[in-house]
1. Do we have any residue at all in segment 320-335 that's farther than 23 Å from Leu179 by Cβ and in contact (Cβ under 8 Å) with a residue 60 or more places away in the chain?
2. Name, by its number, the condition in (1) within 20 Å of Tyr372 (Cβ to Cβ); (2) surrounded by fewer than 16 Cβ atoms within 10 Å (Cβ to Cβ) that does not hold for Asn413.
3. For Ala368, which of the numbered conditions (1) of a type in the set (Gly, Ala, Ser); (2) in contact with a strand residue (DSSP E or B) (Cβ under 8 Å, 6 or more places away or on another chain); (3) outside any helix (DSSP H, G or I) fails to hold?
4. Being modelled with pLDDT under 95 and of a type in the set (Lys, Arg), is that true of even one residue in segment 263-273?
5. Any residue in segment 320-327 that is farther than 30 Å from Asp234 by Cα, in the same structural domain as His163 (by TED's automatic domain parsing) and in a loop (DSSP other than H, G, I, E, B)?
6. Looking at (1) at pLDDT below 95; (2) in contact with a strand residue (DSSP E or B) (Cβ under 6 Å, 6 or more places away or on another chain), find the lone condition where Ala213 falls short.
7. Thr253 passes all but one of (1) of a type outside the set (D, E, K, R); (2) buried (at least 21 other Cβ atoms within 10 Å of the Cβ); (3) without any contact (Cβ under 8 Å) to a residue 60 or more places away in the chain; which number fails?
8. Quick one: is Arg176 modelled with pLDDT of 95 or more, in a helix (DSSP H, G or I) and buried (at least 18 other Cβ atoms within 10 Å of the Cβ)?
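The values are calculated or read from the model by the stated rules, or taken from the named source; none is laboratory data. Small disclaimer: the values here were computed from a predicted structure and weren't measured. Note that each Cβ is placed from the backbone with ideal geometry, even for glycine, and that neighbours are counted across all protein chains shown.
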Amino acid sequence: MHGPTAGSPTVLPSGKMVMWALAQVVGGPGSTISEVEAARGRTCGRGDRTQHAHKDDAVWHGAGKVVEQVAGLLNLDRSAVSGGGILAVDFYQSVMAQISALRARGCIADWRAGGRLGVFRLADPSRLPDIDPGGLRPPSYAGMSPDTSHAGLTKSFLSILSHGSKANTYKFALARAILEHCQGGYRGAGRDDDEEKEEERQSVLRIPYEYLAEKFLKYYWHQEYVLHMRQNYDAKHTPHAITKLRNVFGKSTPADYSRLDKNDVERAKKLILRNVFGHAKSKTSIVVPRFQKVPVGNRTAEVRSFYDYDDDEQAIRLKPEAFEFFQKNNALLSKAVLIEWTKFLEPLNPTLPRLLTKIESMDAGRQALTKYRSMFAPFTDCCFYCRDRLEPGYVQVDHLIPWTYIYDDNAWNLVLACQPCNGKKSNSLPEDEFRDGLVERNRRHRGEIPPLRMSLDMLDRGRGWEAEIRGHYQTCLEYGFGTIRLP
């Protein structure tokens, strides 16, 4: 059998190919259990009758050695199926699956009942599968070298966003973080010192996992606590980035990221770093290795078109061509990421308004509401919530249904409030009596305030604007916005 050419990305072999190689390894020469124990400075069979009974029988193997020998028989690129890369993890799991199959056939047995996976003896050689290697062919490696042309990188990037397998939104978040890193370019691009320019160039190409963890923290904190977005269909498979935030911040936080406790922020970042950007070997480096996996027939291969990574060093290193591609096409690629991110979340948040805008902007600019204060002032001089008289200079305009849900300054949703009530309500919903009061206020003044009438007409989608307001209130409640008693 012939493996890939040097330097080619490794495509995982089929299960049948792995089983053929595994059968050769298990049925081949090796050490007895006595020899294995002696090499470790232990006495064979002490306190273990099963081990003692088989101390001179057949062949014993350790999982790591078996995986290495299987890779050798398949002529695989050892740099790709060893260490911390995702292909190494996938290949290890593939070999372990075939070991389980041999165990089920009764041809291998564990060291002891319930013993460690991957440490076993050959129990019945006659049960080893008889596979003819002549009919097996290694996977095709044609065309697997990364295409780093502009067209090739564009195709790869858009394919990852729109066609790559995704159990969550991590790939979108990683793409966004990389693009934000590439926005600035080289600060020393105009310097004459070539050595300094090259040093800075190399530093810009390196993106530490810590930077990516901080970006994930900000993205998912905003979606979880400010926007209350649903991230997954099955609550049992909530992304680690979300569960770690909940572990640190609980059910609610200040509505402003800058007001979060710095110790909590640091703790959350470390948890995301450990559980999302850890190490592929321990299955805690999740998105970095999987981002560049592309379909090849009925399997996938990791084609490093955009970056190399090192879990031990805790960083990715962008290819120079990829950095230039991300920098020159930053705005367009960023829009593509946001659109695909939105498409992924839309089925989970079908009634959440202005979804794309919410995902795009973590610091959405909020316009001054002075004109609305002047608009409603002739029709009321009392706080909408406590009914106390509003003092000139202390009148505030409040979104009754929180702005972070509506994401717009609609006149039908705005009321005048005193500072204490507005501050107390913050990003919460008032109780439903105030929702009914809002409907009544809009009905009473609709004909007197043209902008209010216009906003209500735009809100009406055929079932009446009153029903739409009640629907928004209820949906906002269902998305996790809490209620607060006022005044």
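1. Checked against the condition, which is being farther than 23 Å from Leu179 by Cβ and in contact (Cβ under 8 Å) with a residue 60 or more places away in the chain, segment 320-335 yields no hits at all.
2. (2)
3. (2)
4. no
5. Within segment 320-327, not a single residue is farther than 30 Å from Asp234 by Cα, in the same structural domain as His163 (by TED's automatic domain parsing) and in a loop (DSSP other than H, G, I, E, B).
6. Failed condition: (1).
7. Of the numbered conditions (1) of a type outside the set (D, E, K, R); (2) buried (at least 21 other Cβ atoms within 10 Å of the Cβ); (3) without any contact (Cβ under 8 Å) to a residue 60 or more places away in the chain, the odd one out for Thr253 is (2).
8. Criteria met by Arg176.
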